[in-house]
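Enquirer: Have a look at the structure that comes next, please.
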Protein chains: 2
Amino acid sequence: MHRREQVDLREQADLREQVHAAARRARAASRELATLSTAVKDRALHAAADAVLGAAASILAANAEDLERARAAGTSEAMLDRLALNPQRVDGIAAGLRQVAGLPDPIGEVLRGRTLPNGLRLRQQRVPLGVVGIVYEGRPNVTVDAFGLTLKSGNAVLLRGSSSAASSNAALVDTLRDALVGENLPADVVALLSAADRSTVTHLIQARGLVDVAIPRGGAGLIEAVVRDALVPTIETGTGNCHVYVHADADLDVAERILINSKTRRPSVCNAAESLLVDAAIADTALPRLLGALAAAGVTVHTEPTEEQLRAEFLSLDIAVTVVDGVDAAVAHVNEYGTGHTEAIVTRDLAAAQRFTDRVDAAAVMVNAATSFTDGEQFGFGAEIGISTQKLHARGPMGLTELTSTKWIVWGDGQIRAV
Amino acid sequence: MHRREQVDLREQADLREQVHAAARRARAASRELATLSTAVKDRALHAAADAVLGAAASILAANAEDLERARAAGTSEAMLDRLALNPQRVDGIAAGLRQVAGLPDPIGEVLRGRTLPNGLRLRQQRVPLGVVGIVYEGRPNVTVDAFGLTLKSGNAVLLRGSSSAASSNAALVDTLRDALVGENLPADVVALLSAADRSTVTHLIQARGLVDVAIPRGGAGLIEAVVRDALVPTIETGTGNCHVYVHADADLDVAERILINSKTRRPSVCNAAESLLVDAAIADTALPRLLGALAAAGVTVHTEPTEEQLRAEFLSLDIAVTVVDGVDAAVAHVNEYGTGHTEAIVTRDLAAAQRFTDRVDAAAVMVNAATSFTDGEQFGFGAEIGISTQKLHARGPMGLTELTSTKWIVWGDGQIRAV
């Protein structure tokens, strides 16, 4: 073995041990956190908000380092904007923590319960998941949002952010940990993993028995890699190839409004529409009008989409257009090409709407509403940790309740089982 | 490349394609199944029960082939008993299907719903998971039980049973498929994968996009392999290193009864106790009595257990015994060595019971009741597909509701999103 490889292997083992040690500390902290009252958790969230405001200058200084590095590396203006903090954004981060403090605590909720014929009193209660690992590419505010939601739901969190935001994230997590200690809570409720090496992602998602769930937030590539390599349970989030289907009996004013909003409001987010389906029965009138409106809104229309374009999440001002023959053809198209995120039908026909909502296999199905409504805040969850596109555990926007598990508690007075 | 390897690779590719083709047919069938009414599904379950009874002779003949092969291979009597069918067991299999027909249908249940300030009417509804893959080593009745539960919950199922039960399983699945066709339902709602090659398990659990969830039912080795190699979401089931903790304030009559029942009722099942914790405060009196009772019941007592024995799921008349110093030490021991299945405390002290149930991290926590109660039928679910020991999606006994996902359905009248 060459000397260089030996060093690499040693470094890898060290990084693995670092991640595992952080996970073990998080596990211990999560056990303390699991039994805290709502009042104590809410106080900690307000203390964290105060701390973020108090540390604004050092957080902004750290962010300036990240921005300088990013500029030197030739990062695009759009990416720089995602990375940048300013006093208003720091205020927003603190306000987000206070908002989570105001949400109902999911822990302890009794979901089901009964007394069995033998007198056993059974109840199923919400409990925290334990240790949650979050892998993200996004903006530094995700660091604090994720902390707020996991703390409120009684979970410890291991954060693996982007290396581009390393200084900002470190400043934010240091601030949060100090605030926890100030409240006599374990700092290890939140920890930032090194983003210097890609392998810390792998170590995190393979820490079986130490991490209860890994949530990747980011592009399709990240999510694919996490799902492929993970040994801990994962929740897939946020790939959205969403369709707007304009049914034969659609109000075209409504169709145009919903289509343009779904496509252009924020083309870079997962609930944006990527595909338009127009019913053959109205194609002659509807198509020119809708394509004209798209063009006027600056959208590039792909009227003879390739298979690849039909499967694409453009995340840009592009749209694939297909003429389909009736509701069942629309459903078949959506179930073939969609990613199970959000699908919309525009129609005045009740039977068509019912058939579409019954048969489309997606986290959210909209009738006469824009795809952009699939969002934790819009749904009234107060905040979201991501949008799940898998069917297990959570589907659609994930708020506090989606960050919980359950436990059966059974009270008896000496019951034993006969057979 | 050698000729032999080329053949193997070709065979592997063929097996993979066989599994994928079955999964694609199951997917198509599941889409039809998802919208069927409860009445149609229940009728199909009764028809399947009738068909099993009608085909009893050929099912028993197929089972005789399996038994003959197993005997020739020198299989133990215990294993032969698990494999064996007889007229009574066939009656039991049919009765199980009728019992599932009598259970409430989980599909369509509205879990949450509200009208948003903008007038959008939101509801979250239970829907089937889609295609469920089940890998099992168990008895042939699992084949039919799994079909019954998945059909009732609107799912198609891919079954990968044990090669030892191949003939029995084939006869049973042929019978079920015929019954479905007789009811004008797609036969592909249920399919049996070849058990001739281990790789069909791998192909099943790696069929991403084709299989929605894989549930391994079997020993720790199978579950470990499935979790390691799976690319589709999985639910871990049934490894139980369960403890009975006898607290300082326990009624020793109750403690003895619960301990003996938890250990000896059926030592081979996952909810059997494998470890006894006795509080140091009463060790002098409790230990001789409990150890005496265990010995009298034929249990081998390991009073100085090794680390390995503390982690063992004996599944035999063995028990590890540890003296612990108070509730917190008991909780720490259980959380360190348990598998998160079922943990029991025996006590008359309310605070101790509360502290134990709050802090133990397991699917089920019993107060003054035997560990053996963790079971879908005992909990009143009617039947179970397994007992989940993971925290994601389902924890504890899994009945019909645990075989479902959810879908958000949003009705609007032209709403678009402003920001």
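Enquirer: How much accessible surface area, in Å² rounded to 10, belongs to the heavy atoms of residue A:75 with a 1.4 Å probe?
Expert: 50
Enquirer: Give, ordered by residue number, each residue of the range A:30-73 whose 1.4 Å probe accessible area is reduced by a minimum of 40 Å² on adding the remaining protein chains to the chain alone.
Expert: A:31, A:35
Enquirer: For label points placed 7 Å from Cα toward Cβ, what is the shortest-first list of nm distances from residue A:325 to its copies?
Expert: For residue A:325, the other copies' label points sit at 8.0 nm, shortest first.
Enquirer: Could I ask something else about it? Using 16 Å as the cut-off for backbone N distance, which residues of the range A:375-419 belong to the label zone defined by a point 7 Å from the Cα of residue B:350 along Cα→Cβ?
Expert: A:411-413
Enquirer: Mind checking which aspartates and glutamates have their C-alpha under 16 Å from residue B:152, skipping anything on the same chain fewer than 8 residues away?
Expert: Filter leaves B:32, B:42, B:105, B:109, B:183, B:188, B:384, B:402.
Enquirer: Report, for residue B:308, each distance to the same residue's label point in the other copies, shortest first and in nm; define the point 7 Å along Cα→Cβ.
Expert: 5.6
Enquirer: Further question on the same structure: Round to the nearest 10 and give me the degree value, 0 to 90, for the angle of helix B:220-229's Cα axis relative to the longest principal axis of chain B.
Expert: In chain B, helix B:220-229 runs at an angle near 50 degrees to the longest axis.
Enquirer: What is the calculated FRET efficiency for residue A:269 to residue B:266, with r their C-beta to C-beta distance and R₀ = 41 Å, to the nearest 0.05?
Expert: My answer for the efficiency is 0.15.
Enquirer: Could you tell me which residue in chain B puts its beta carbon nearest the axis mapping B onto A, with the distance rounded to whole Å?
Expert: Whole-Å result, nearest residue of chain B to the axis: B:393, 2.
Enquirer: Which shape class applies to the range B:129-184: rounded if a/c is under 1.5, otherwise prolate when a/b exceeds b/c and oblate if not, where a ≥ b ≥ c are the square roots of the Cα gyration tensor eigenvalues?
Expert: Since a/c reaches 1.5 but b/c is at least a/b, the shape of the range B:129-184 is classed as oblate.
Enquirer: Still on this structure: Roughly how tilted is helix B:327-337, in degrees to the nearest 10 and between 0 and 90, from the longest Cα axis of chain B?
Expert: Taking Cα atoms only, the helix is inclined about 40 degrees.
Enquirer: When the accessible area of each residue in the range A:384-407 is compared between its chain alone and the complete protein assembly (1.4 Å probe; ligands, DNA and RNA ignored), which residues differ by at least 10 Å², being lower in the assembly?
Expert: Buried-area filter returns A:390, A:391, A:392, A:393, A:395, A:401, A:402, A:405, A:406, A:407.
Enquirer: Just the number, please: buried accessible area between B and A, total of both chains, 1.4 angstrom probe, nearest 100 square angstrom.
Expert: 6500
Enquirer: Another question, then. Could you tell me the distance between the Cα centroids of the range A:196-225 and the range A:247-261, to the nearest Å?
Expert: 40
Enquirer: Ok, one more. To the nearest 10 square angstrom, what accessible area does residue B:79 show with a 1.4 Å probe?
Expert: Per-residue accessible area (residue B:79): approximately 100 Å².
Enquirer: Pop a pseudo-label 7 angstrom from the Cα along the beta-carbon direction at both residue A:77 and residue A:335 and give the gap in nm to one decimal.
Expert: 4.6
Enquirer: I would also like to ask the following. One decimal, nm, shortest first: give the distances between the label point of residue A:115 and those of the same position in the other copies, each label point 7 Å from Cα along Cα→Cβ.
Expert: Values, ascending and in nm: 3.9.
Enquirer: Find, among the trypsin sites (Lys or Arg not before Pro) in the range B:137-208, those assigned to loop by DSSP (not H, G, I, E, B) with at most 12 other beta-carbon atoms within 10 angstrom.
Expert: The qualifying sites are B:198.
Enquirer: Another question about this same structure. Given a 1.4 Å probe, how much area per residue of the protein assembly as shown is accessible, in Å²?
Expert: In whole numbers, the protein assembly as shown has 39 Å² accessible per residue.
Enquirer: Here's a follow-up. For the range B:242-373, give the percent of accessible area contributed by carbon and sulfur heavy atoms, probe 1.4 Å, rounded to a whole number.
Expert: 49
The values are calculated or read from the model by the stated rules, or taken from the named source; none is laboratory data. Since the model is a prediction, treat every value here as computed from it, not as a measurement. Every residue, glycine as well, gets a Cβ built from its backbone with ideal geometry; the counts of neighbours run over all protein chains shown. To get the accessible areas, we keep the full protein, side chains included, count just its heavy atoms, and leave off ligands, DNA and RNA. Shrake-Rupley method; radii C 1.70, N 1.55, O 1.52, S 1.80 Å.
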